Amino acid sequence: MEGAAPVLEVENLGIEFRTRSGVVHAVENASFSVEKGETVGIVGESGSGKSVLSYAILGILDAAGRVTSGRAVFGGLDMVRASADELDAVRGRELSMIFQNPRSALNPIRRIGQQLEDVLARHTTTLHADLRQRAIECLAQVHIPDPERRYAAYPFELSGGMCQRVMIALALACNPALLIADEPTTGLDVTMQAAVMDLIGELSQSRHMATILITHDLGLAAEYCGRIIVMHAGHIVESAPAADLFRAPRHPYTRKLVLASPHGRVRIDELESVPGGLPDLRRADLPPCRFSARCERRSEVCERLPLPHHARATGSNVWCHHPL
Amino acid sequence: MSTLAHARYVMSENPLTLAAFVLFFLLVACALFGPSLVPYDPLATDVAAALQPPSRAHWMGTDSLGRDILSRIVVATRLDIGIAVSAVALSFAIGSAVGCMAGYYGGGADRIMTRIVDTIMAFPLFVLAMGIVAALGNTVANIVLATAIINLPFYARVARAEVNVRREAGYVEAARLSGNSNVRIIMLHLFPNIMPPMMVQISLNMGWAILNAAGLSFIGLGVRPPAPEWGIMVAEGASYIISGEWWVALFPGAALMLAVFCFNLLGDGLRDLIDPRMRT
Amino acid sequence: MWKLVIRRLLDAVPSVIGVVIVTFLLTRALPGDPAAYFAGPAASQQAVEEIRAKLGLNRSLPEQFVLYVRDLARGDLGVSLSTGQPVANEIVARLPASLELTLLGVVLAALIAIPLGVLAASRPNSWIDHACRALTTAGVSLPTFFTGLLLVYVFYYLLGWAPSPLGRLDPFTTPPPGITHFYLIDSLLARDLRTFWAALTQLALPAITLGLFALAPLARMTRASMLGTLSSDFVRTARASGLSRFTVTYTYAFRNALLPVVTTLGMVFSFLLGSNILVEKVFAWPGIGSFAIEALVASDYAPVQGFVLTMALLYLALNLLIDIFYNLIDPRIGFAT
C-alpha cells in the first residue's frame, strides 16, 4: 500500500463555463489525490464546484464547459485530455459515478434489468445468454429484495431508495477501482440515507474500492469518510483526515462549516450560520482568495497575493494566508 | 431590464425579428394606402394585354383578363389582412371571454367550455371551416365567422389555463376581499395579466388565419371574382402554370407566403420578448 | 392491453357524438329552405316536398336529429345531385385515393423530419441545426396549394421529371386489381412493377407537397424533444457508464425523445387532412377532397356534409390509433391510471 500510486491524481485543474452573461470560472487550481481503497469526502456549499469537478474528471461536462488547465490522471490516463474512445473504455468499468435524484437518473422507459445488461454487455465479456443472470446477481449484491422479479421493473415502480440501489448496482457492475458518489442521499429519507451509505461503505470495503463522496452535509462526510476535502467557490481550501478536520479545522471557512453542522456534542442553539454568500464567479477581477469577502481574518495580502499551500506530515493541507 | 431595452436586445440577437417588424409595417401601409397608390385599377380589364410576363409596364405581368397583377396584389392586401384581423379579433374576444370564465368559475362552466372546444378540435380545422361556409353561405362575412370559430379553441385554452394559474394569486384575493364583483376582477385584474401570452397567440394565429382564408378562397369559397384576393389569384393562376405562365400564380403566392412568414416571425419574436423559456 | 383499447374507444364516444351533432346542425343551418338546397335548383316543387318529407324537415329538431342518426347508422349520407349516386358509395370509392396520398405524405415527412431533428439536436449550432430551424420556421408559413403549384411548375414544366398532374395514373395505365385499393400496394401484390412505377410517379409530387407541410412541426418537435432528452439526467448516467455513443444517442435518448413526437403526429394529421383538399385540387387527385370541391361548385350539399363527417371520423380514428400506439410504447401510462 505504501508508495503505491494513487488511484486518482488531480493537479491544478481549472474549469470554466461560457454562458450568455459571461465566463464563469467554476473551478480554479484544484489539486488532490485519492489512494486505493480510500474514502474521500468533498464538501462544500451548492455552487462550490464539487459536482463540476467530478463531471470534468469523468468527461461528462456540459457542452458549455471547458477544462482550461491541469490534469486528472486515473490509471495512467489523463481524463481531461483523453479521446472519446479512451474515456468510454474507462467510464462505467474502472471509474463509475452515481448521482442524486436516482429516479430521474435512470431511463424511465427501460427496465432496470435491461439497463444493467447494457452496462455489462458493454464492458464485460459476459455471454449474451448469461447477461440476465449476471444482472440479477448485481441486484442481489445491493440487497434488493426479490431481484428476479425486480429485474423486469421500471424505475417509476420502485421507491427512491431502491432506485439508488439500482444506480449503485449499475455503477459497481464491473468492479470499478473508483466510485464517485455525487450527493447520493439527497432526497432520500433519513433511514434510507443510512442504508445507502452503509451499502456503499460495505461494498467499498469488500472490493477495496476507492470512493469519493460529494456532499454538502459535513456531518455525513465526517461519519463515512477517512479524509475530507473542503471546497469553496471553486477552490479547494482545506484537505485533511476527517477527525483532524473536525477537531482542529485550519481554514476559517472550514471552521464556520464545522460550527454550522450538527454533530455529536453540539446543541442546536450552538449552531452558527455561515455568513454572506458565494462571490459572483463571472467577475474577471476575483481576488486570489475567494473567501476573503466573508472572512473575519482577511487582510490586504488576501486580496493581492496568490494562496500559499501549507502542508503537514499528518496529511493535513490548507490553502490560506492566515490559517487557524 | 426595461421593456424597451429588452426589446432592443431581442432585436439585436435576432435580425429576423427586426425584418419581420419592418415587413409588418409595410403590410399595414399597403393595406391602408395601397389602393390609392397603385399604378393601375385592379379591376380594369384589357384583354389585348392578357397573360403578359413581367415587363417595365407591368412589373408583375398581367393575368388572363389583362389586369395588372401588382396592383391587384397590393389592393388584395387590404382584403386579406382585413379578413384575418377581423377573424382573429372575433376569435380572441369570444375565446378569451369564454376561457376566462371557465378558468375562473370552474365547475359547470369549465366543463361546458371544454366540451365545446373539444368538439371543435375533433374536426380537422380547415374541413370544419369548409363545412361552416358551405352551410351558411358563400360570403366574406362567413369566411370571417368560420375562421373565427376554428381559431376559438386556441384562445379559450390559453385564457383558461392562465386564469386558472392566477386565480388564487394574492392580488386577486385582495380584490375579492375589497368587494369587487367577479366580473370586475376578471376584466380589470386577471385579463390584463394574461395579455402577454395572448399577444403571442394572436400573432401566431394571424399567419394561420391568413392561410385559412386563402385556402378557402382557393377552393372557391368566400371571396368571389373579380375581387382581388391572394387565394383567388393563385387559383386563377393555377391553370396557367402548367402552360408556363408562372407569374399569374407566383406573385400572389409569394405575397401570401411573405405575409404569413412575417406574422410567424413576429409571433416568435414576441414570444422571445415575453418569455424566452417558451422557445423551442 | 385490450382494456386500454376499450377504455380509449369509450373516451372517444363523446367526441363522436359531438361531431355528429355539429354536422347535423350544419345541414340544418342552411339559410333559406334546406329542402330546396338538397333537392337542387332544378327541382320541381313536388321534388322539394318529397325531400322535405324524407328528411323530416317538418318535424321538430330533436325528431330530425333522430332521423339523421338513423340514416347515418344505415350508411345513408344522402344522394349526390350531380352524379345521382348515393354519397356514401362515392366516398367509399374515393377514400383509398385520399388515404394513400395522406399516408405517403406522412411517411415521407417522418423519414426526413425525424433524422433531421435528431441530427440538428446532436450537433447544436452546426449548419444542419440552422438549416433545420430555418426549415421549420419557413415550413409553417408555406401555403400548401402554392407549394404544390411551384413543384408542378419546376418539376413538370421546367424539368419534365414529373408526369402531368392528372390524377392517380396516366391515361395509358389501368389500375391494378383492387384488393386494398391502394395502388402502390395492389400493384406490388400483383407483381406489376410497371403499374407500381406509374402510380408512384403520379403520387410523388402531391405526396411531397403534403409532406413538406408536415415536415416543419415534426422536425421542430423532434429537435426540441431530442435536445431535452440529451441534456437529461438519465442520458448523463448512460454517458457516465461508458455506453457507446450509438447506444446513448439512439437506445437511450432517441427512443425517449420519440414520445412527444408521436403525440405531435395527431396535430399534424389535423393539418394534413385539411391540406389534403387543397392538394387534391391542384393535382386533380380523385379523392374525397376533390369530390367535395366539385360538389361545392355545383351547389350540391349532401356530398359536402358527407365529406365533413367522414373527415372528422377519420381524424378521430387516426387520433385513437396514435393514442393507443403511444400507450404501448410508454410503460408509465398504465401505471398512472
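We did not get these values from a lab; they are worked out from the coordinates using the rules stated. Just so it is clear, the model here is predicted, and its values are computed rather than measured. All Cβ positions, glycine included, derive from the backbone under ideal geometry; neighbour counts span all protein chains shown.
Of note:
- Size of charge dipole - the protein assembly as shown - debye, nearest 20, with Cβ of Lys, Arg +1 and Asp, Glu -1, no other charges: 720
- Within the listed set A:Ser96, A:Ser54, A:Ser273, the residue fluctuating most in the Gaussian network model of chain A (springs between alpha-carbon atoms under 10 angstrom) is A:Ser273.
- For segment A:57-180, fraction of C-alpha pairs farther apart than 20 Å, in %: 46
- In segment C:154-226, the inverse of the mean reciprocal separation of distinct Cα atoms equals 14.0 Å; this is its Kirkwood hydrodynamic radius.
- For A:Leu8, residues with placed amide H under 5 Å, excluding near neighbours: A:Val34
- Antiparallel content of DSSP bridges confined to the protein assembly as shown, in %, to 5: 60
- Descending principal axes extents, segment B:155-280, alpha-carbon based, whole Å: 71, 31, 17
- Along each principal axis, Cα extent of chain A, largest first, Å: 68, 47, 46
- Its residue count N sets the reference 2.2 N^0.38 Å, and the alpha-carbon radius of gyration of segment B:90-191 equals 1.25 times that reference.
- Whole-Å semi-axes of the ellipsoid equivalent to the protein assembly as shown (Cα gyration tensor, √5λ, descending): 64, 32, 29
- For chain C, the fraction of alpha-carbon pairs in successive 20 Å shells from zero, as %: 25, 50, 22, 2, 0
- Toward the positive end of the charge dipole of segment A:26-121, with +1 on the Cβ of Lys and Arg and -1 on the Cβ of Asp and Glu, the farthest Cα among A:Gly41, A:Leu120, A:Ala56 is that of A:Leu120.
- Acute angle (nearest 10 degrees) that the helix B:15-37 long axis makes with the longest principal axis of chain B, alpha-carbon atoms: 60
- 3J(HN,Hα) from dihedral phi, segment C:170-175, Karplus parametrisation 6.51/-1.76/1.60, rounded to Hz, x for glycine, proline: 6, x, 8, 10, 9, x
- Each of B:Phe154, B:Ile219, C:Tyr68 was placed along the dipole of the protein assembly as shown (beta-carbon charges, centred on the mean Cα), and the one lying farthest toward the positive end is B:Phe154.
- C-alpha long axis of helix C:193-230 to longest principal axis of chain C, angle in °: 60
- Within chain A, the selection of entire DSSP H helices by a Cα span of 20 Å or greater along the long axis and an average Kyte-Doolittle value of at least -0.5 returns A:190-207.
- Neighbour counts of C-beta atoms inside 10 Å place C:Glu90, A:Glu94 in the sequence A:Glu94, C:Glu90, starting with the fewest.
- Springs between Cα atoms under 10 Å define the GNM used for chain B, and in it the highest mean-square fluctuation of B:Leu43, B:Leu145, B:Leu27 occurs at B:Leu43.
- Fraction in percent of alpha-carbon pairs per bin - 10 Å, segment C:96-140: 26, 42, 22, 9, 1
- Value of [θ]222 nm, deg cm²/dmol, for the protein assembly as shown, DSSP H segments ≥ 4, -39500 (n - 2.57) each, nearest 500: -19000 deg cm²/dmol
- Put in line by how crowded their Cβ is, counting other Cβ atoms within 10 Å and starting with the fewest, A:Glu38, A:Glu137, A:Glu296, B:Glu229 read A:Glu296, A:Glu137, A:Glu38, B:Glu229.
- The reciprocal of the average 1/r between distinct C-alpha atoms defines the Kirkwood hydrodynamic radius, which for chain B equals 20.7 Å.
- Proxy reagent accessibility, fewest Cβ within 10 Å first, across A:Ser83, A:Ser31: A:Ser83, A:Ser31
- For A:Ala72, the shell of other residues with beta-carbons less than 12 Å away shows a net charge of -1, using +1 for Lys and Arg and -1 for Asp and Glu.
- Taking only the C-alpha atoms of segment B:1-122, the Rg (one decimal) and the largest Cα-Cα distance, Dmax (whole number), read 22.5, 67 Å.
- Positive-end extreme of charge dipole, segment B:1-148 - chosen from B:Phe123, B:Val85, B:Tyr105 (charges on Cβ): B:Tyr105
- For chain C, the longest principal axis of the alpha carbon atoms and the long axis of helix C:45-54 meet at an angle near 60°.
- Whole-number D in µm² s⁻¹ for segment A:183-255, Kirkwood Cα-pair radius fed into Stokes-Einstein, 25 °C, 0.890 mPa s: 185
- Taking amide hydrogens as placed 1.01 Å from N in the peptide plane, the amide H of A:His232 sits under 5 Å from those of A:Val237, each at least 5 positions away in sequence or on another chain.
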